[in-house]
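Asker: Submitted below is the structure of interest, expressed as structure tokens.
What follows draws every value from the coordinates through simple rules; no lab data is involved. For clarity, every value in this text was computed on a predicted model and none was experimentally measured. Glycine also receives a Cβ, built like all others from the backbone with ideal geometry; neighbour counts cover every protein chain displayed.
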Amino acid sequence: MTMKPFADDSASTSIGELAAENGSQAVMLSGSLEITRDKVGLERAKALRALADALCQELEAGDLPDKVEQSPDAQADTVANPFA
């Protein structure tokens, strides 16, 4: 893994088709990850564990608020269903 969680707003890493995008307040995971029962699957599982461990270490090391407030720009907008 090449990024330090929550260190900046620009780093990213990927494991298979799963992308992890860094942010100072949140790390966004998107995509999918197939872990097969072979050597490739084992490497992907280890990479996923390393990412989860790094996230937990960063979270456990700090004084955390109960909840991070999202900025209005980060919140999803409601859009009318064009097929309704």
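Asker: Given [x] 1.64; [y] 1.35; [z] 1.03 as candidate values of Cα Rg over 2.2 N^0.38 Å, which corresponds to the one derived from the coordinates?
Answerer: Answer label, from the structure shown: [y].
Asker: Still on this structure, I have one more. For residue 46, which aspartates and glutamates qualify as cross-link partners when the Cα separation must be under 18 Å and same-chain residues fewer than eight apart are set aside?
Answerer: Of all the aspartates and glutamates, those that pass the test against residue 46 - Cα under 18 Å, at least 8 places apart if same chain - are 17, 34, 38.
Asker: Taking a spot 7 Å from the Cα of residue 32 along the direction of its beta carbon, which residues of region 46-69 have an amide N less than 19 Å from it?
Answerer: 48, by backbone N distance to the label point.
Asker: Cross-link partners among aspartates and glutamates for residue 67, C-alpha distance below 16 Å, same-chain residues fewer than 8 apart left out?
Answerer: 58
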